[in-house]
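The values are calculated or read from the model by the stated rules, or taken from the named source; none is laboratory data. Everything numeric here is computed off the predicted structure, so don't read it as measured data. Positions of Cβ are generated from backbone atoms using ideal geometry, with glycine treated the same way; all protein chains shown enter the neighbour counts. Accessible surface is based on the protein model in full, side chains and every heavy atom, while ligands, DNA and RNA are left aside. Shrake-Rupley method; radii C 1.70, N 1.55, O 1.52, S 1.80 Å.
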Amino acid sequence: MVAELGAIARARPVVFSFPLSGGLPMRTFVFATALLLLAPPVVAQQVDTVHDTTGHQQHTLPAAIAHDAADLYNAPAALRATGTLRIPDGQTVTGDVAILDGQLTLGGHITGRVVAINSDVTLERSARVDGDLIVVGGLIEGQERAHIGGRVSWYRPALRYHLEGERLVAESEPAHGQEDNWLKRWLHRHERSTSAVTFRTGGTYNRVSGLPVLLGPTITQRTSFGSVHVDALGLIRSADAFAWKSENLGHDIHADVHFAGAHGLTVGGRLFHVVDPVEQWHLTDTEAGLAAFLLHRDYRDYYNDRGVTGYVSVMPNAATTLTLSYSAQQWGARAARGPFTLLRNSLTWRDNPMMDAGRFHIEDAMLSLDTRNNEKDPWVGWYVTADLEHGSSPAVRPGPIFAPGQAPALGDAPTHAVSYMRGFLDLRRYNRVSPNGQLNVRVVLGGWLGGDDLPLERRLSLGGVGSLPGFDFRDGSTSETDVLQCTGGTPISGTPVACERIALAQVEYRGDLHIRLGGRGDIGDQDDRDWDFSFSRNGAWVVFADAGRGWLVGPRTGILQYGADALPGLGTFESDVGAGIDFDIVGLYLAKAISRPGEPVNFFIRLRHRF
């Protein structure tokens, strides 16, 4: 279990939802929260608000970041230096400070921002920066004992540049697999091929598999045109104590060829036998896995997926990726099992709904656009993912599903042919509207575009902490019409996702928050400050509102089913409002449904941000 926690902590945002009117005993909640707060420091070894936005495996600086860093350095500055620079306690610099290829030791006060290019920054206890701290190609030491008024951004790779007079000009990085000079090529002449045995988790902890574990060889071969990478991994699941039986075994074999060049062309394929989630967009793997492992709460449904995929991916620029793929897959149902959980282990898991079963052929086109300044802590930019999928099958055995005016099928209906078209759009815009304020907006649209009804594996839903946190996640006990799940009438085991279309809008405003408890602040001499025991933390206060609903496609029936060209009225949308405190690694929130006044206030926890 330690391996699972470590793996999911290295990924991203935990999500637990508790109505304040009932639920867990307080001592259990406090214990779970304590465990949650103790786990996240594994996420990174750097200081809390510092982010290496290029990732641990990135060896070059993305072009957009490189040019932004050069622009920041070239902006007018009160003090500019190359090499070693020290600003001692008691000295004030009015304006910005920029340093290149050196070491900045700061003990004084800077009223503007600090930009360090290929330089390390050491912050003493007396250091004060009123603006942002941006470090590219260097390290930051002592942030926890200094005062930073703005945001801290850290980029691990160095900036390649040349000087034109006093102006710094960013240079493009060498293409993947290409060394930038003969000496490096000679030094790495024996490193064209690497191989290793990989041992890692194969997905998030869940009620169907427990912990999936992958083991097998990994080979990377550098070539004159780019690189070739192969993973040949076997899979075993921890459910039933890693028992060696068919439902615990699988595989995930992947190979790709990357062609170095301006467009980052990659051609690859995958042979797999895995368990996949029905909906993955609500929560990250980290959130879903920790919720299941800690609190016996699984926010996803799963199906068996076995097949082969081929794909082509191209990057026309640093911010855009287009991937085209074709798959032949065999889908089937999976039952919930009894994996161990840290708390509430004696409870019974929610049933995993029965899914459609059949062999599908799937063509998919996915476009991704990412202009965010920081992947983990964005404050400006766009993040857009758009997916268009066509699927077909000559014979599908449908799972049980709700249809208006009909009793749910029991999963024994005859097979039939299926051909469908489905789209999904997740659009996010981050805006810094003031030095200390941020307004973020998200719109999610998805569902049926044409053809036959969507299979259960491709249906959608809303509700719960990942979309509308003022509403509880799935309540299969009610017989009332639910526009978030698109269910009603006789409850179906596991409450399967049923909506053929969804629409969701989210908006939030974030403001800077500085908390200091205890200690003497800046009072006293250096000896006093050395004995200053205090809690100091920078975060954000957040207020938000959400609105959305799902619906079925067909002849108009009540408020649940609409024609293919019709949209539900805004008065039928569910909505909520909320507020919270976000400490970057973890956020604590309250949310209240306003379209259903009788719903209790919900308390929930998120790692990183809501979106």
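The table for this structure:
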{"item": "Search result, residues across the range 138-148 that are open to solvent by 10 Å² or more (accessible area, probe 1.4 Å) and either aliphatic (A, V, I, L, M) or within 11 Å of HIS109 (Cα to Cα) (or both)", "result": "LEU139, ILE140, ALA146, HIS147"}
{"item": "Subset of the range 376-401 (residues that are open to solvent by less than 30 Å² (accessible area, probe 1.4 Å) and assigned to a loop (DSSP other than H, G, I, E, B))", "result": "ASP377, PRO378, PRO398, GLY399, PRO400"}
{"item": "Any chance PHE603 is modelled with pLDDT of 90 or more and either touching a strand residue (DSSP E or B) at 6+ places or on another chain (Cβ under 9 Å) or loosely packed, with under 14 Cβ neighbours inside 10 Å (or both)", "result": "yes"}
{"item": "The range 62-90, residues that are under 17 Å from GLN103 (Cα atoms) and acidic (Asp, Glu)", "result": "ASP89"}
{"item": "Tally of residues being assigned to a strand (DSSP E or B), open to solvent by 50 Å² or more (accessible area, probe 1.4 Å) and of a type outside the set (S, T, N, Q) across the range 80-108", "result": "3"}
{"item": "Checklist (1) open to solvent by 10 Å² or more (accessible area, probe 1.4 Å); (2) at pLDDT 90 or above; (3) of a type in the set (A, V, I, L, M) applied to VAL135, failing item", "result": "(1)"}
{"item": "Residue tally, condition among the charged types (D, E, K, R), open to solvent by less than 30 Å² (accessible area, probe 1.4 Å) and in a strand (DSSP E or B), over the range 195-218", "result": "0"}
{"item": "Given (1) open to solvent by 20 Å² or more (accessible area, probe 1.4 Å); (2) modelled with pLDDT of 90 or more, index of the condition ALA127 fails", "result": "(1)"}
{"item": "Test: residue in the range 402-411 that is part of a strand (DSSP E or B) and modelled with pLDDT under 95", "result": "yes"}
{"item": "Restricting the range 235-277 to residues that are of a type in the set (D, E, K, R) and in a strand (DSSP E or B), the residue that is least open to solvent (accessible area, probe 1.4 Å)", "result": "ARG237"}
{"item": "Filtered residue count, the range 304-335, keeping only those that are more than 30 Å from TRP382 (Cα to Cα) and open to solvent by 50 Å² or more (accessible area, probe 1.4 Å)", "result": "5"}
{"item": "Condition check for GLY451: surrounded by fewer than 18 Cβ atoms within 10 Å (Cβ to Cβ) and at positive phi", "result": "yes"}
{"item": "Qualifying residue in the range 219-234 (condition: assigned to a helix (DSSP H, G or I), surrounded by 15 or more Cβ atoms within 10 Å (Cβ to Cβ) and either at pLDDT below 95 or out of contact with any Cys (no Cβ under 6 Å at 6 or more places or on another chain) (or both))", "result": "no"}
{"item": "Residues of the range 339-375 satisfying the condition of being aliphatic (A, V, I, L, M), farther than 27 Å from ARG474 by Cα and open to solvent by 50 Å² or more (accessible area, probe 1.4 Å)", "result": "MET366, LEU367, LEU369"}
{"item": "Strands (runs of 3 or more DSSP E) wholly inside the range 558-611 that include at least 1 residues being acidic (Asp, Glu)", "result": "574-582"}
{"item": "Residue match in the range 515-537 (condition: modelled with pLDDT of 95 or more and either surrounded by 15 or more Cβ atoms within 10 Å (Cβ to Cβ) or charged (D, E, K, R) (or both))", "result": "no"}
{"item": "Breaking point among (1) over 27 Å from GLY269 (Cβ atoms); (2) of a type outside the set (Asp, Glu); (3) touching a helix residue (DSSP H, G or I) at 6+ places or on another chain (Cβ under 6 Å), for MET355", "result": "(1)"}
{"item": "Qualifying positions in the range 292-339 - farther than 22 Å from GLN485 by Cα, part of a helix (DSSP H, G or I) and of a type in the set (A, V, I, L, M)", "result": "LEU294, LEU295"}
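The rows are residues; the columns are (1) at pLDDT 95 or above; (2) on the phi > 0 side of the Ramachandran plot.
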position	(1), (2)
GLY539	no, no
GLY550	yes, no
GLY558	no, yes
PHE573	yes, no
PHE583	no, no
ARG596	no, no
GLU599	no, no
LEU607	no, no
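Condition check ((1) in contact with a Pro (Cβ under 7 Å, 6 or more places away or on another chain); (2) of a type outside the set (Gly, Ala, Ser); (3) within 26 Å of ARG429 (Cβ to Cβ)) across all residues:
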{"residue": "TYR562", "(1), (2), (3)": "yes, yes, no"}
{"residue": "ASP565", "(1), (2), (3)": "no, yes, no"}
{"residue": "SER575", "(1), (2), (3)": "no, no, yes"}
{"residue": "LEU590", "(1), (2), (3)": "no, yes, yes"}
{"residue": "ILE594", "(1), (2), (3)": "no, yes, yes"}
{"residue": "PRO600", "(1), (2), (3)": "yes, yes, no"}
{"residue": "ILE605", "(1), (2), (3)": "no, yes, yes"}
{"residue": "PHE611", "(1), (2), (3)": "no, yes, yes"}
